[in-house]
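One structure is given here, and the rest of the page talks about it.
The values are calculated or read from the model by the stated rules, or taken from the named source; none is laboratory data. None of the values given here were measured: they were computed from a predicted structure. No Cβ is skipped: glycine too gets one built from the backbone with ideal geometry, and neighbour counts run over all protein chains shown. Just the protein is used for accessible areas: all its heavy atoms, side chains included, with ligands, DNA and RNA removed. Shrake-Rupley method; radii C 1.70, N 1.55, O 1.52, S 1.80 Å.
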Amino acid sequence: MNSFSFWSPTKVIFGTDTAKQAGGEVKAFGGKKTLVLYGGGSAVKSGLMDTVTGSFAAEGIECFCVGGIQPNPLLEYVLKIIDDYKGKGIDFVLGVGGGSVIDSAKAVAVGLATDELPMWDYFLRKALPKTALPVGAVLTIAAAGSETSDSCVVTNQAEGSKRGFNSPLNRPKFAIMDPVLTYSLPPYHLACGVVDMLMHALERYFAPDADNAVTDELSEAAMRVVVKYGRKAMDDLTDYKARSEIMWAGSITHNGLLGLGQAMDFSVHQFGSPLSAKYDTAHGASLAATWPSWARYVYRSDVARFAKYAKTVWGIAVADDEAAAKAGIAATEEYFRLLGMPTTLTEAVGEKVKDDIDALVELCTYNRTRTIGAFKVLGYDDIKAIYQSAI
């Protein structure tokens, strides 16, 4: 087992009707004046916002509610919220929604607590924040795992760039997780979430020097659960068992547990971010559209690893590692298709992408200033070849 450091302090409150506990949890973490962020109108129409604000009233906590957080959340809107509520005594930020809302809450929490640097500097990795307000989450979309992770991702619309940063300050103090709240999610967005959580496991599993038995076993089990119950949830949108399993899997695959003792790759997330920034492509769709091409490009770096994945996750009983590896990649691609996800760039964004490959490579490489990946380090030419093969 390789050396590692692990810290995942988020309190998880899991089960039906747990949104009623939001006020009590905020109070327990010292909140007296809370900013509540949410996305579209569904949180209001469903009555969830009334439940959350009612819980604040019951605890004597003052709260302000701001909606309109969109998928692939915008830095510009985050900055507006910070500007609107700076100096108003906010001491806690609660995100009610999916990863986009929760990531926005994390960014707002940093911005309200400090005037040190322009917010975008943190996403450019020029610095890390030294302080932030505490954050909580009421999860309505099982996908990004932001409810228990230390990551925060936003899109800078002005620059056409989607970036993220990691910090212990981003870890939510608590995450309320009620699978019933995910029932109203449209099938396409459910499928995007399943792909995202599967990818969070894959990006950690395919790593150099991956010789950690416990980490491997946990990753393989999590991926099998996502595959099995992701399909079941798509077949029956109100299957509580399926929804609860993938909701918890979404947290487990991105709270750091599955990457212990090995370097994370996250190349496919880097391929997907330019698609979301340039075309506003759904995050899960951008991952499904690029993973098969990435996998076929890099699998020979460790054929045995890909074969192990094929055998343990997909049950592929082929003795030859090369054949098993290819079969595992094909099985993953077919699973994405079964979910209704795109598996090529043209399926994801249309024919226009054929003329945009160079622009995507520039975005992915930060204008030729970086390589990506750890399983196989990828430079400009590699990245271009993978985008082209994904067309």
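Descriptive notes on the structure:
- Look at the dipole of the chain built from charges on Cβ: of Phe64, Met119, Val44, the Cα furthest out on the positive end belongs to Phe64.
- Cα-based shape type of the stretch 64-161, given that a ≥ b ≥ c are square roots of the gyration tensor eigenvalues and the cut on a/c is 1.5: rounded
- The distance from the alpha carbon centre of the stretch 226-251 to that of the stretch 59-86 is 30 Å, rounded to a whole number.
- If both residues of a DSSP beta bridge must be in the stretch 119-242, then about 60% of such bridges are antiparallel.
- Net +/- balance of residues flanking Ser219 in space, Cβ distance below 11 Å, scoring K and R +1, D and E -1: -1
- Residue by residue, the stretch 346-356 carries 3J(HN,Hα) couplings of 5, 5, 6, 10, x, 5, 4, 5, 4, 8, 10 Hz when phi is fed to the Karplus relation 6.51 cos²θ - 1.76 cosθ + 1.60 (θ = phi - 60°); x denotes Gly or Pro.
- The stretch 298-391 pair-distance distribution - Cα-Cα, 10 Å bins, rounded %: 16, 33, 36, 14, 1
- For Val108, solvent-accessible area (1.4 Å; no DNA, RNA or ligand), Å²: 0
- Accessible surface ranking for Trp248, Trp291, Trp7, Trp120, 1.4 angstrom probe, highest first: Trp7, Trp248, Trp120, Trp291.
- Radius of gyration and Dmax over the Cα atoms of the stretch 281-324, both given in Å: 12.2, 38
- Check: the stretch 57-111 dipole with +1 on Lys, Arg Cβ and -1 on Asp, Glu Cβ, in debye: 100
- Think of each Lys and Arg Cβ as +1 and each Asp and Glu Cβ as -1; about the Cα centre, that makes the dipole of the stretch 1-152 roughly 100 debye.
- A Förster radius of 25 Å, combined with the Cβ-Cβ distance separating Gln70 from Ala28, puts the computed FRET efficiency at roughly 0.25.
- Relative contact order (percent, whole number), the chain, Cα cutoff 8 Å, 6+ residue spacing: 15
- Note on Glu362 and Ala317: with the Förster distance fixed at 45 Å, the Cβ-Cβ geometry gives a FRET efficiency of about 0.55.
- Label-point separation in nm, Thr131 to Glu159, each point 7 Å along Cα→Cβ: 2.5
- The radius of gyration of the Cα set in the stretch 92-251, together with its Dmax, comes out at 16.6, 49 angstrom.
- Other residues with beta-carbon under 15 Å from the beta-carbon of Glu322 carry, at +1 per Lys or Arg and -1 per Asp or Glu, a net charge of +3.
- In the full protein context, the stretch 1-147 carries 43 Å² of accessible surface per residue, based on a 1.4 Å probe and ignoring ligands, DNA and RNA.
- Pairs of Cα atoms nearer than 8 Å and 6+ residues apart set the relative contact order; for the stretch 147-224 it is 21 percent.
- Exposure rank, largest accessible area first [Ser389, Ser100, Ser55; 1.4 Å]: Ser389, Ser100, Ser55
- Ligands, DNA and RNA aside, Tyr297 has an accessible area near 80 Å² when probed at 1.4 Å.
- Separation between Cα centres of the stretch 156-192 and the stretch 262-337, rounded to whole Å: 22
- For Ser5, solvent-accessible area (1.4 Å; no DNA, RNA or ligand), Å²: 110
- Long hydrophobic helices in the chain, taken as whole DSSP H segments with a C-alpha length of 24 Å or more on their own axis and mean Kyte-Doolittle hydropathy at least -0.5: 187-205, 213-235, 321-338.
- With every protein chain in place, the chain: carbon and sulfur % of accessible area (1.4 Å): 51
- Each of Thr332, Thr369, Thr238, Thr51 has its accessible area taken with a 1.4 Å probe; listed largest first, they run Thr369, Thr238, Thr51, Thr332.
- Taking Cα Rg over 2.2 N^0.38 Å as calculated from this structure, the corresponding entry among (1) 1.03; (2) 0.96; (3) 1.09 is (2).
- About the Cα centre, charge dipole magnitude for the chain (Lys/Arg +1, Asp/Glu -1 at Cβ), debye: 400
- Positive-pole candidate from Pro134, Ala277, Val153, dipole of the chain, charges at beta carbon: Pro134
- Computed per residue of the chain from DSSP H runs no shorter than four, each worth -39500 (n - 2.57), the mean residue ellipticity at 222 nm is -15000 deg cm²/dmol.
- Near-label residues of the stretch 178-198 by backbone N, under 20 Å of a point 7 Å along Cα→Cβ of Asp236: 178-188, 190-191, 194
- Farthest toward the positive end of the dipole of the stretch 80-212, out of Thr182, Leu202, Ala105, is the Cα of Ala105, where the dipole comes from beta carbon charges about the Cα centre.
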